[in-house]
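Below is the structure I would like to discuss, written out as structure tokens.
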Amino acid sequence: MRTTIVIGAGLSGLMGALALAEAGLRPLVLAKGQGATHWTAGTVDIWGGDERSPREALQEIGALHPHHPYALIGAHAVEEAIVRFRALTEAARYPYVGGLDRNILLPTSAGALRPAALLPVTMAAGDVRLGGTMLIAGFRELRDFYPPFIAANLAAQGMAARGVYLTIPPAFRRREYNPVTFARLFDNPAFCSDIGRQLRAQRGDATRIGLPAVLGLRDPTGVVAHLQDESGAQIFEIPTLPPSVPGMRLFALFQNAIEQAGGRVQIGSEVICGDGRDRLLTTVWSEAAARRQEHRVERALLATGGVAGGGIRTDHMGMVRETALDLPVRAPANRAAWFAPRFLDPQGHAIYTAGVATDAHLRPIGTDGAVVYDNVTVAGALLAGTDTVRERSRSGVSLATGWAAGRILAEWMA
Amino acid sequence: MMIIPEDHIEQSLEASLDHCIKCNICTAACPVSAVTDLFPGPKYVGPQAQRFRHARQPSPDESVDYCSGCRVCNEVCPTGVRIAELNARARARLVAERGIPLRNRLISRSGLVGRLGAGPHAPIANALLGSKPLRMVIERTLGIAREAPLPAFSRYTFRSWFRRRRAPQIDAGTPKRQVVYFHGCSANYYEPWIGKAVVAVLEHNGFEVLLPRQRCCGLPLLSNGDFAAARRAHEENVAFLAPYALRTIPIVGASTSCTLTLKEEAPELLGMQSDTVRAVAQQTYDIFEFLRLLHMRGELRTDFRPIERTLPYHPPCQLRAHRIGRPALDVLELVPGLRLIETHAGCCGIAGTYGLKVEKYRISMDVGAPLFETVRRSGADMALCDSETCRWQISHGAGVVARHPIEILAEAYGLVT
């Protein structure tokens, strides 16, 4: 039976599971539901909190924040994770581009600019520094993506842009739409051709065309190439509201790679508690029909996310707890200190730095600094000592610590 | 008449609405809304419409009838909203308001249909149901799609075989362990060979198999919104099974929808919360869940002969709803040479009785299309699946034999069934 357990199926859990699977440990990933991948933009933000390049930020972080997850694992470990991640996406013919030397600025579906270190190649032509005129195209049927609004906000920031709406060919009309409905439409070459022709007609002097990130689930790079051929312009994707199609692609390619390497992913099974002795976690239980499912544990990787992801729960009494294994959480001592008075305080809100503190091997430690479990590592947004939203480091921390936690766990008592 | 009692399950479902953050991950995963506009998706008819459903007002959303009840929405929901239960209860409200069509009364009574068709006269019943003109008439009059995959009745019932067979020899030296087998309607009336395989595997592992009285688990009644009849079915089953459950004798079934119903569907949807109901639920195991548990305790025999085959395996929605992973894969990977490939193609579309209905047949085939394609592309002449209606649908859609994984396990043990 599978005794290497990964808890959580976001980017950190999936990276960790991949590392464990490739080490031959046949991990079982347990997750409450489909999560972080389906919520996020699908780019990897290593560091975007200030003007420094991600590489500079990584090299300097230890001096100021010795307990930051990047500082704990070291810059080389971050680079190693990126190399593995890029190889994975290339093998799946959905390559990620970019790197640590500079952030690429990408338009959001509000027309704001967002820094990203790594991005799927389907978003690459969105780099606003490329210049020229942009056409932003969308569909009235796709809510919360308004091309004229996006274009106007880009223009206000000095980038030439125009927004247009496209027409869904009659044969493909549906009553309800969401990003996934569109992605399935783009999987159809006939639909793509029609849209490509509309884009050519609307193109004008634009050299680049931004579309919502719904350009197919099966072969997005093929869809982009097809649309480029038809339209005569560079095509790029702009992330939408959830469900995130780029995130779904990522999840699918991870699941495939993990299973190919002998692992398994079990969605819909929330880990509700664990039990151990002598600093070893021995069992976890996941929620199931009629009674809990028992899992014997030799090693476990905990990657359930932070406050937003559900790995940390707080209540009105001021209790802050880690939800799966009830590990000690480092958090503001009292509830009054959770939030700053201003909603958009540049310092952020203290509760978002709450998390599980670890040693340099990403093992959970208690308030006394002693390791709680030797056979457990922690990864991703659950880690203490970082406000990943403010640092714009969320997926970077997940990617890097997920991989590192998986590697450390694989080598434990190997 | 109050069909749905006020109960704490109802309250907890209501409370779970507030966990919906409208992320639409459920809609992205829903196999039905992917292929038809008649069902706008779990988010809309589930947590969203629920806010408009009040006891003394008409149901605001009829499209909930197009929910197939596959529970994929529950599986993927990142915040734990009980969408499938909300939908099932909403459908029952609709049914309570409008009554149950004759067709749905008929197809939801699997036990009655089975009793009528199975037995020495089965060849006649099968010939009739195989007749295209008659199926056309049935479609016109009853609304059961003429192409829909109906299983063939067996010439003998599993129970009659069990009664007649020679009592098995249990080693006097080994401690006597007992297990109750809940065969369900399909093994009894349509596929007795699956019941035989279950008995053979359990006895091979040293169990005495007990066969108390039982009736249909009531799942088809629940999914057709006939909660009153489902309640009677579950009350009877609890009465039959409780004496064993209270003595902690496990209740094992190979029909994964029956076991889910005993474990959770019936108690939750019907708001049945007594200690005996809970005891039966907690002692109920899906067959491979039970075998995997034996293996974890080092009690499963592993004297397998090699089977050099690679087969597609479809974990049916009702099995996934147990939230126990893939126990059939865990156990069958112990068989040397046998390699199972999980299909990952969502739902087969049949959803019990859903795909039999003339207005839903096309939807069910469109939902199943990716699975049929995956099975066909695998090149194997056989697929494995734990649910009977899904097996019938896979055979119908992909044109290959679909078998229960327990049959392969019995074969690996060298047990002739």
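The values are calculated or read from the model by the stated rules, or taken from the named source; none is laboratory data. The shown structure was predicted, so the numbers you read here are calculated from the model rather than taken from an experiment. Methodologically, a virtual Cβ is constructed for each residue, glycine included, from the backbone with ideal geometry; neighbour enumeration extends over all protein chains shown. With ligands, DNA and RNA removed, areas are computed over all heavy atoms of the protein, side chains included. Shrake-Rupley method; radii C 1.70, N 1.55, O 1.52, S 1.80 Å.
Any residue in segment B:188-209 that's over 26 Å from B:Ala152 (Cα atoms) and surrounded by fewer than 18 Cβ atoms within 10 Å (Cβ to Cβ): show its pairings with residues that are at pLDDT 95 or above and of a type in the set (Phe, Trp, Tyr) at Cβ separation under 7 Å, as long as the two are six or more apart or on different chains.
B:His204/B:Tyr413
Please determine whether any residue of segment A:283-294 is open to solvent by less than 60 Å² (accessible area, probe 1.4 Å), in a strand (DSSP E or B) and small (Gly, Ala, Ser).
Yes, there is a match, as at least one residue in segment A:283-294 is open to solvent by less than 60 Å² (accessible area, probe 1.4 Å), in a strand (DSSP E or B) and small (Gly, Ala, Ser).
Counting only residues that are open to solvent by 30 Å² or more (accessible area, probe 1.4 Å) and small (Gly, Ala, Ser), give me the helices (runs of 4 or more DSSP H) lying completely in segment A:1-106 with at least 1 of them.
A:36-39, A:54-64, A:69-73, A:75-91
Still on this structure: Collect the residues in segment A:289-319 that are more than 12 Å from chain B (Cβ to nearest Cβ) and either among the aliphatic types (A, V, I, L, M) or in contact (Cβ under 8 Å) with a residue 60 or more places away in the chain (or both), keeping them in residue-number order.
The answer is A:Val297, A:Glu298, A:Arg299, A:Ala300, A:Leu301, A:Leu302, A:Ala303, A:Gly306, A:Val307, A:Ile312, A:Met317, A:Met319.
Here's another thing I want to ask about it. Which of the residues belonging to segment A:169-194 are under 23 Å from the mean Cα position of the chain (by Cα) and open to solvent by 60 Å² or more (accessible area, probe 1.4 Å)?
A:Arg184, the sole residue that qualifies.
On to the next question. Search segment B:78-109 for residues being β-branched (Val, Ile, Thr) and within 14 Å of another protein chain (Cβ to nearest Cβ), and hand back the single one that is farthest from the chain's Cα centre (by Cα).
Per the criteria, the residue is B:Thr79.
Consider A:Glu391 carefully, then state whether it is in contact (Cβ under 8 Å) with a residue 40 or more places away in the chain, open to solvent by less than 10 Å² (accessible area, probe 1.4 Å) and either away from every other protein chain (no Cβ under 14 Å) or under 15 Å from A:Ile5 (Cβ atoms) (or both).
Judged against the criteria, A:Glu391 is not a match.
Residues being buried (at least 17 other Cβ atoms within 10 Å of the Cβ) and in contact with a Phe, Trp or Tyr (Cβ under 8 Å, 6 or more places away or on another chain): count how many of those fall in segment A:301-324.
2
Every residue, every condition in (1) within 14 Å of chain A (Cβ to nearest Cβ); (2) over 22 Å from B:Phe290 (Cα atoms); (3) without any contact (Cβ under 8 Å) to a residue 40 or more places away in the chain; (4) not charged (D, E, K, R), yes or no:
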position	(1), (2), (3), (4)
B:Leu319	yes, no, no, yes
B:Gly325	yes, no, yes, yes
B:Leu340	yes, no, no, yes
B:Leu356	no, yes, no, yes
B:Val367	yes, yes, no, yes
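Right, another one. In segment B:245-289, what residues are small (Gly, Ala, Ser) and crowded, with 22+ Cβ neighbours inside 10 Å?
Scanning segment B:245-289 gives B:Ala245, B:Gly253, B:Ala254, B:Ser255, B:Ser257, B:Ala266, B:Ala281.
When residues of segment A:63-88 are filtered for being in contact with a Phe, Trp or Tyr (Cβ under 8 Å, 6 or more places away or on another chain) and over 12 Å from A:Val397 (Cα atoms), how many remain?
Of the residues in that region, 5 qualify.
Filter segment B:24-62 down to the residues that are in contact with a Phe, Trp or Tyr (Cβ under 7 Å, 6 or more places away or on another chain) and open to solvent by 20 Å² or more (accessible area, probe 1.4 Å), then identify the one that is modelled with the highest pLDDT.
B:Leu38
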